[in-house]
Structure formats: structure tokens, C-alpha cells
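Just so it is clear, none of the values below were taken in a lab; they were calculated from the coordinates. Keep in mind that what you see is a predicted model, and the values were worked out from it rather than measured. With ideal geometry, Cβ positions are generated from the backbone for all residues, glycine too; neighbour counts draw on all protein chains shown.
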Number of protein chains: 2
Amino acid sequence: MASEFELIRQHFTRDGRHTDLGVGDDAALFTPTAGMQLVVSTDMLVEGTHFLPDTDPRDLGWKTLAVNVSDIAAMGATPRWSLLALAMPAPDEAWVEGFARGLFECAQAFDIDLVGGDTTRGPRTLCVTIFGEVPAGHAITRGGAAPGDEVWVTGAPGRAALGLAHLQGRLRLTDAGAAECVAALQRPQPRVAAGRALRDVASAMLDVSDGIAGDLGHILERSGVGAEIQVAALPLDALIAFGADDAAARAACLSGGDDYELLFTAPAAQRAAIERIATTQDLAITRIGRIDDTPGLRVVDADGNVGTAGGYDHFS
Amino acid sequence: MASEFELIRQHFTRDGRHTDLGVGDDAALFTPTAGMQLVVSTDMLVEGTHFLPDTDPRDLGWKTLAVNVSDIAAMGATPRWSLLALAMPAPDEAWVEGFARGLFECAQAFDIDLVGGDTTRGPRTLCVTIFGEVPAGHAITRGGAAPGDEVWVTGAPGRAALGLAHLQGRLRLTDAGAAECVAALQRPQPRVAAGRALRDVASAMLDVSDGIAGDLGHILERSGVGAEIQVAALPLDALIAFGADDAAARAACLSGGDDYELLFTAPAAQRAAIERIATTQDLAITRIGRIDDTPGLRVVDADGNVGTAGGYDHFS
């Protein structure tokens, strides 16, 4: 058994660009950059809970690393190193080859070294740990939002939820819309450059994994504030152009998961800076609401009716 | 579901002693010490493969962290931070309470902060990532053994294998022997202080997880050397005093797993330094053989017969 898994492990052994000692010893060694804080996160993905047995292993490899990269991006940090622990019922070289290919495509896209890991027998489970760096004291946490700050989001969140609904036959997108939304679901693009640019601009930030409404709730809780979101301000035009009707677009944007866009707050004085970042990054960044000191999240529709996020959760 | 797992997560949230931002954000933040290399390792433990469903969760919590601590000790490094990802079929608060208790007992014993993690639904699986520090350039890898170096081992490896055999009724130890061997199996004590003391003394080192013979093979492979081990030199006296016969003691020592003692090589000129460390640490450290340039591992018995490790594997 050990030797079969040893062969599998070869697929994950590649030279690192900023690693002192990689796969093959008791532990890996790397040298953090002086003056930087280390930013670390881990995520466990279980077959049947987080992905289906027939998921393309190459897409899964990309996504497994990408969702971790997104956690680092959400701190305004730069991802640098990662570890992969992998359980599978039996050595399956074809699956591993595809998975490793997707994983290293993502690693290369974001200049991340895979420095080590573990391979073992068990129900198919993936655990990635990622390490990033950020200048000490400049990480963007969830806890810095203040009343008067404005709420912004990158890109067009909701695409992944629409892609999933399309694949499951629950709605029908245009061909171009389907291609873009399914790609958003299967090959999410973490917003590393935008996250870094928002350092010293955003007051609080996270990545959207469960929909804007639910994730904004995490900022409100950690910051001890409330917020109001304007439905009319949500970036729904792209979703509607993809073939979603108004209600589906709104629900996908507010409560659809798996997008990995950045949701952040910033003082009003930062509007011009944010617009410059949007231009430089060639990325839509949309102002959708405002932080206040009334606890909870209020979602205000075009007619001025105030609801909560609860009405939009049929995509979760 | 999220809220049940959120409750579970509370069990793992404790203030860190050397952490800037712990559980609850997109990622954790800590500040590596200037001039140190970071030493990282990850291990995945699967129910049914690595532990049985009826394993005491408190012992399992200790051991899950301890085996990772041992990887850091084997580099001559100091463990500092860890992450835990945990899948379980359903929130089981009693199990989690016991597991967290054992995990934090180990964390406290070795002054390690649990800085973050992930909790999800799935077959019971544990993944710990550990971070240590070592003065840059002073880590002890598996690759530094040279012909003429001597081979040493800490403690009395084989206790865990005897403890397991005793629990399974395959052999009968004395009461005192059973207590010590079962404790070695369930509550392994990683050799952090000894590992650190061996920095700049040992030429190559690893921790013994699969028995001396198999693990020494990893040093030989990475160092490109061979070795001869003298059976008569093995620290078997303690095992025999516990009630094991000669053959069982020898097999447990050479091929029994799960001990987490340190196996290392050092130039002969370091003998006195190693003996001083043994005295200071109040820990047996035994010279068991010698590195040479003949590929492979030869195990020489008291009559001068040369065998390989293969003959001693019935404990693996």
C-alpha cells in the first residue's frame, strides 16, 4: 500500500520557486519575508458533501486550491505556499493525474509552491492548507467596518449559482451565459490582485462563498454594525444578459454561493481610489449599500420595501 | 447544519499566546520570528484506517496533534502554531468535547496555538497542519548522513507496538509494562526538547513512525548511503522487562510503528555531546549502528549473521 501511494505522491512533487525544502522530509522548510505577517487557512472538501464523485478531477484540482487562494486574497495578502492532504479509497492514478494537473494550473497562475502533503487511504477527502504574506498590520479583516462606510462587491456574484442551476436544468441560460456561469462554478478566479490593491482602502473584507447577504452578515457580526443593501444597486445586468430573469438574478446574487468575489466596506472618502482600482484591474466593483449602527442587514427593493436576506435563500 | 457545526467550532476557539488573529476570519495571522525558517507539515487521519471508531476521543485528540509535533521535533525545530480540519458524519458534541480536551492538553504541553481550522460533514477525518520555527539553515533533514556517522535512537522504541499487541491479546505484558506500553501507544510524547538539543549535533534525523528499520531506510535513501545495525546494541532491555520475549522485543523495536522516538545519525566526534544531551534530558539515547557506503540496510545479529529488515515486519 505505501508504495502505491508513494507513486501517487510523485504527481505532487515539483520544484518550488520560493521553498527551501519541499516534499519528502518530515516537514517542509521555507523562509518568510522579513516584516511580513503570515496568513494561513485550511479547508476540507469531502466527496458527496462538497463535490460529486463524477466531478472532473482537473476542475476539482483547480477549485480546491482556488477557494483557498480566495481566503488569502480576502485578507489583502499574497498567496505563496500550500500543502495538500488527500485521502482516496484506492490509488487511482488517472484521477490523481487530472487532479494534480488542475491543482498545478492554479498554483502556477498564482505563483504558489506546493511544499508538502500527505496521501492516505480513506473516503475521498481533500484538505488544502495555504500560506500567504501581508505587510505586518495591513491585513484586511472582517472586523473593521464602521457606520458610514459603504459596501462594495467585485465582479458579478451569482454566476456560479446560475451555472449550477443551468447544469441541473433548473433554468436555461444563453449559450454564452452558460459558458461563463459554468466556468465561474468550475474554475473560480480568486481576486488576488484586487484584494492586494484594496489594502489600506477597504475597512473590512471577505470573499463571497455563501452569497452576499449571508457573507455580509459575517462582517456585520465581527464589526458590531448593521447595513442596508439596495437591490437596485446590485450588479444584476450581466446575470440578466446571461438569460436569468430578475428574480433568479437577484436570488443568485444575494444568496448564491461559490463565487469567490470580494465583498468589502470602505469609507466614502475612498470612492475615487476604488474606482481607480476597478479601472486598473479591469474589474467591475459596485457600490451596493452602506454600513450603519442599526443591528442586522436590511435589503431594500426598488419600491422601498425593506426585507431581510431570508427571502432569497433558495439557491443556498 | 452550519449553526450546529458553528457550535462545535466553539470548542476549538481559545486565545493564542503567539497569534495575531485566530479562529473566525478568512484566515489566521501570526508573525514569524525574524531569522527563523518556517517548518510545516500536514497529516490526515481517517477513521478505520488510522484509528478505530471506539478510540477514546481524548486520547485521539492528544495523538492527532502529537504525531504532528513529532514531525517538527524531527527537524530540530520548535512547534508554535497549528490548524485543525475536521469532518464528522453529524455534529457530536460529546465526542468533540473529549477530542478538543486531548488536543489542547497536547497544545498546552508544547506551547502551541491552534490558530484556525475547518469543520464539515463527512466520514470522520482529521487533518492537522503544524508550523514550527528553526534558526535559518539549522534544520536537521533526512539527507545529511555520511559514511562513518553513527546511528542513534532515543528511548525504547517498540513500546507502542507491544502495547497494541497486548491490547489485542497477541502477547501478555506485566501490569507495569502494559501501562507504559499502552500509554506510549495512546499518548505518544514527541521528543521536542531532545530534537532541539540535537541541532548542530545530528547529521540526519527523523521520527520513528514505522519502526527503526523502515524509517532508517528513508535516511539512507535521502542521504545516498547504507547502514549496518547491531541487534545486540538495540535498546531491548526495557521491552524485555515489560514482559516481551527476545523475538517480540526485537521485532517491535525494528518494525513496530507509532513510537515517535527520534532516529538520527551523527559523526563519531559527537559521542560525548550526545551523552551529555541524554543526561540533561534524562532520556536514554542508544548507539545502534553505523552508516557506510554499501547501499541498503544490514541487520547483524549477535552471532554475526547478516539479515535485512524484512524478517522483522510482523508488527507492521
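Brief remarks on what is shown
- Ordering of A:143-155, A:275-287 by burial proxy (mean other Cβ atoms within 10 Å per residue, highest first): A:143-155, A:275-287
- Considering all C-alpha pairs of region A:1-108, those separated by over 24 Å amount to 28%.
- Label distances, nm, B:D237 versus same residue in remaining copies, Cβ-directed 7 Å point: 8.4
- Length-normalised contact order for chain A - Cα pairs under 8 Å, 6+ apart - percent: 22
- Rounded to the nearest angstrom and listed largest first, the equivalent-ellipsoid semi-axes of the protein assembly as shown from its Cα gyration tensor are 50, 23, 22.
- Label-point gap, in nm, between B:E97 and A:T294 - each point 7 angstrom along Cα→Cβ: 4.1
- Volume of the convex hull of region B:98-182 (Cα atoms only), normalised per residue: 226 Å³.
- Region A:150-307, Rg to Rh (Cα coordinates; Rh as Kirkwood inverse mean 1/r): 0.96
- Free-standing Cys, chain B [no other Cys Cβ under 4.7 Å]: B:C106, B:C181, B:C253
- Summing +1 for each Lys or Arg and -1 for each Asp or Glu among the other residues whose beta-carbon sits under 9 angstrom from that of A:V23 gives +1.
- Averaged over B:204-217, number of beta-carbon atoms from partner chains that fall within 10 Å: 1
- Cα pair distances of region B:243-287 binned at 10 Å [whole percent]: 22, 41, 32, 5
- Placing R0 at 45 angstrom, the Cβ-Cβ distance between A:D301 and B:Q108 gives a FRET efficiency of 0.30 after rounding to 0.05.
- Residue among B:H50, B:H138, B:H218 with the largest mean-square fluctuation in a Gaussian network model of chain B, springs linking Cα atoms under 10 Å: B:H50
- 222 nm mean residue ellipticity, helices alone, for chain A (DSSP H n ≥ 4; -39,500 (n - 2.57); rounded to 500): -10500 deg cm²/dmol
- Fluctuation leader among A:V40, A:V192, A:V69 - chain A, Gaussian network, Cα springs under 10 angstrom: A:V40
- Ranked list, fewest to most other Cβ atoms within 10 Å of each Cβ, for A:D71, A:D118: A:D118, A:D71
- Sorted from closest to farthest, the other copies place their A:D175 label points 8.3 nm away, with each point set 7 Å from Cα along Cα→Cβ.
- The ellipsoid equivalent to the alpha-carbon distribution of chain A has semi-axes of 35, 24, 15 angstrom, derived from the gyration tensor eigenvalues as √(5λ) and listed largest first.
- Between A:D56 and A:T13, the simple spin-label model (points 7 angstrom out along Cα→Cβ) gives 3.0 nm.
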